[in-house]
Amino acid sequence: MTRKRLLQTLFSSAFVLFLLVLVLRFRPRMEVPAPVQPEVLQKGSEGSLSARGFRHVQETGGAVEYELTADVVTQAPDGKKLLTAPVIVFPGRGRAWARRGEYDPGRQMIRIWEDARLSDGKDLHAEAAGFRLTPEGEMVSEGPVTFGRGAASGSCDLLRYHRRSQRAHLEGSVRLDSGGSALRCVAADFDLAAHAGALQGPVRAEGPEGTVEAPEGKILLDEANRLRSLTLLTPATGRGPKGSFSARSATAETGAGGKVERVLLDGDAEVSLSEDPPATVRTDRLRMTPVSAGAWAWEAPGALTLHRGAGTAEAASGTGRFGGGREAEGRFEGPVRGRDEAGTFSADAAEMRGADWTLVGNAESRREGEELKADRITFAGDGSVAASGRARGRRFAAEGRPEVVFQADEALAGPGGYPAVLHGRARAERGGLRLEAPHIRLADADTALATDGEARFEDAEGQVQTVRAPLLSYRGKARLAEARDGARAEGRGYWITAGALVARLDAGNRPVKYEAEGDCRFEGPNQEGTSDRLEFDPATRMGRAYGDRAFARVRQKDPKRTAVGAVVAFGPRYLEVLPGEAAVARGSLGGTPPPARGPKAPPKDGGAR
């Protein structure tokens with residue numbers, strides 16, 4: 001699958017049509033020509049010798065094959081007629097002429113030489129040292145032949161054309177040039193009656209975009225002897241600056257006007273593109289069709305292997321297009337299986353566009369450090385990844401650190417896996433922490449941000465605590481989770497609401513302490529209260545309420561008591577007003593006194609640690 005011009009170097013109709021026109025113009029017409037006027041051509045004449053010139057008409061079956069004339073004729077002793085300025089006219093099919101010639105009536109042979117030329121009367125011409133017309137109806141060049149048609153030209157050492165059998169033969173350094181490209185072979189044979197031909201090699205096509213080679217080739221013609229197909233045989237290879245191909249045979253099929261309609265690489269077909277990254281397709285058969293604006297569509301109906309960069313993929317079949325100024329693209333039907341330096345991947349199908357590679361249907365990627373599954377996964381050329389439709393996966397963290405498990409409707413990740421963005425019913429888990437939100441952004445394995453979400457913590461006993469807020473963030477290295485813009489924390493027997501809340505975490509990402517501020521409200525199994533700031537240990541249910549702008553208020557349910565002060569410490573059956581910044585207890589404690597043997601007072605830090 002080289003680019004368009006590399007293929008045209010081989011398959012341009014200019015090469016073969018040019019050669020065909022040469023021989024077609026000088027073959028007998030199948031139609032019967034118009035009757036010869038008696039006063040112009042005298043039927044059956046053997047020739048005449050006169051000062052005014054010479055004329056001879058050759059007929060076969062009542063049809064004129066050719067007319068021979070000359071300015072001057074000299075009768076040789078052996079019966080031959082030596083001609084000056086001879087001209088051979090094939091009615092309706094062109095003419096041949098030279099400075100000198102010879103006509104042998106006995107052998108019915110004509111030779112012309114010195115600036116010998118052929119013409120179809122239009123734009124085709126050929127030149128040689130001489131040409132010979134034999135009684136068997138064969139036109140033979142004497143020495144090398146050069147020919148041209150418009151901007152195209154060619155040459156060979158020998159040209160033979162048998163008019164009755166309609167067989168043509170070009171031999172020796174056959175070369176056809178057109179548009180800066182050239183086709184070379186050792187010999188070329190054409191059977192115009194059978195509408196077929198053969199190229200004897202090595203066959204070599206060269207052009208600005210590359211070179212195509214094969215040991216031999218064959219040609220098929222239509223009923224009008226126009227090119228129908230050209231096939232280069234085992235092995236056909238091509239190479240250029242933009243790619244290369246090889247196959248047991250390469251066939252170009254043409255349509256009206258000689259335009260290439262389809263190219264077929266058959267048998268061990270291999271096509272390589274010199275892109276970034278480079279790509280190679282291997283399959284048994286590959287069909288290519290020109291579509292528009294220099295673009296080609298391709299189809300591999302059977303199993304294929306695609307090598308792209310350091311990766312390899314296998315598929316049951318494939319289609320696509322390339323060229324025309326657009327990025328190469330392809331669709332590969334599955335099952336698709338592949339591998340690269342990082343791991344393996346699979347899907348029901350796959351798509352390629354430029355440097356992007358997409359797995360479609362039950363897509364799965366297992367690579368170093370991660371697993372990813374989704375309905376659709378795209379690996380972009382810049383290293384980023386996009387997964388959509390039940391996206392789910394996990395990233396394996398370093399030894400001793402928990403892995404990250406995630407799922408969402410859509411997942412996007414930058415080169416290297418981070419940053420990653422989860423959209424739609426997103427969830428990310430690490431150790432005892434699980435974030436759930438419509439949108440989650442993972443800056444790295446230790447940093448996450450969720451919007452309108454919930455953080456769920458599960459302790460060793462399976463108890464679940466949750467934190468909800470419009471904005472949640474997790475910082476693993478600092479071992480904390482933050483909730484802002486209206487947070488709510490909830491666990492077994494308690495809840496906390498505040499403008500902002502920080503959860504201090506242990507090594508397993510379980511909360512060991514909550515720190516809240518801004519209109520704090522809380523309730524536990526045996527207390528409830530309000531404060532400006534709050535510290536709370538969810539394991540011991542011990543905490544402290546701080547009144548920075550107004551006194552904190554904590555009410556104990558059993559026994560019924562209320563504490564109001566700058567700092568209020570509390571626990572399941574403990575309530576105390578502690579000294580504030582001035583180290584003086586400010587506030588009041590009222591209600592039913594605690595039992596005589598109440599619980600021991602917490603340490604100065606309120607037992608929150």
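The values are calculated or read from the model by the stated rules, or taken from the named source; none is laboratory data. The model shown is predicted, which means the values in this text are computed figures rather than measured ones. Cβ sites come from the backbone with ideal geometry, for glycine too, and all protein chains shown count toward neighbours.
Screening the stretch 410-519 for strands (runs of 3 or more DSSP E) wholly inside it with 3 or more residues that are of a type in the set (Lys, Arg) returns the ranges 420-430. GLY207 meets all of the listed conditions (1) among the small types (Gly, Ala, Ser); (2) under 30 Å from GLY130 (Cβ atoms); (3) in contact (Cβ under 8 Å) with a residue 40 or more places away in the chain but one, namely (2). Do you know which of the residues in the stretch 199-213 that are crowded, with 20+ Cβ neighbours inside 10 Å and within 28 Å of the chain's Cα centre (by Cα) is modelled with the lowest pLDDT? Looking at residues that are crowded, with 20+ Cβ neighbours inside 10 Å and within 28 Å of the chain's Cα centre (by Cα), I get GLU209.
Matching residues to (1) within 25 Å of SER155 (Cα to Cα); (2) buried (at least 18 other Cβ atoms within 10 Å of the Cβ); (3) not acidic (Asp, Glu):
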position	(1), (2), (3)
ALA76	no, no, yes
LYS80	no, no, yes
TYR103	no, yes, yes
GLU114	yes, no, no
SER119	yes, no, yes
ALA128	yes, yes, yes
PRO135	no, no, yes
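Restricting attention to the stretch 520-539, which residues are part of a strand (DSSP E or B), surrounded by fewer than 21 Cβ atoms within 10 Å (Cβ to Cβ) and in contact (Cβ under 8 Å) with a residue 24 or more places away in the chain? Matches in the stretch 520-539: ARG521, GLU523, GLU528. Scanning for something free of Cβ contacts under 8 Å to residues at least 12 places away in the same chain and either farther than 21 Å from THR540 by Cα or surrounded by 16 or more Cβ atoms within 10 Å (Cβ to Cβ) (or both), does the stretch 454-471 turn up at least one residue? Checked against the condition, which is being free of Cβ contacts under 8 Å to residues at least 12 places away in the same chain and either farther than 21 Å from THR540 by Cα or surrounded by 16 or more Cβ atoms within 10 Å (Cβ to Cβ) (or both), the stretch 454-471 yields no hits at all. Residues in the stretch 494-525 that are more than 29 Å from GLU403 (Cα to Cα) and of a type in the set (Ser, Thr, Tyr): TYR494, THR497. Of the residues in the stretch 227-244, at least one is assigned to a loop (DSSP other than H, G, I, E, B), under 28 Å from the mean Cα position of the chain (by Cα) and of a type in the set (S, T, N, Q). If the requirement is being modelled with pLDDT under 90, surrounded by fewer than 21 Cβ atoms within 10 Å (Cβ to Cβ), under 60 Å from the mean Cα position of the chain (by Cα) and on the phi < 0 side of the Ramachandran plot, which of these qualifies: ARG573, ARG597, ARG586, ARG609? Testing whether each residue is modelled with pLDDT under 90, surrounded by fewer than 21 Cβ atoms within 10 Å (Cβ to Cβ), under 60 Å from the mean Cα position of the chain (by Cα) and on the phi < 0 side of the Ramachandran plot leaves just ARG609.
If the condition is being in contact with a Leu (Cβ under 9 Å, 6 or more places away or on another chain) and either basic (Lys, Arg) or at negative phi (or both), then the stretch 447-468 contributes ALA448, LEU449, ALA450, THR451, GLY453, GLU454, ALA455, ARG456, PHE457, GLU458, VAL467. Is it the case that ASP276 is without any contact (Cβ under 8 Å) to a residue 60 or more places away in the chain and among the charged types (D, E, K, R)? No; evaluated as a whole, the condition is false for this residue.
For the stretch 525-532, the count of residues that are closer than 24 Å to GLU461 by Cβ and under 60 Å from the mean Cα position of the chain (by Cα) is zero. Those residues that are surrounded by fewer than 21 Cβ atoms within 10 Å (Cβ to Cβ), closer than 28 Å to ALA279 by Cβ and not acidic (Asp, Glu), I need them from the stretch 250-259; list them, please. The one that is surrounded by fewer than 21 Cβ atoms within 10 Å (Cβ to Cβ), closer than 28 Å to ALA279 by Cβ and not acidic (Asp, Glu): LYS259. The set of residues from the stretch 166-197 being crowded, with 17+ Cβ neighbours inside 10 Å and among the small types (Gly, Ala, Ser) comprises ALA168, SER178, SER181, ALA182, ALA187, ALA188, GLY197.
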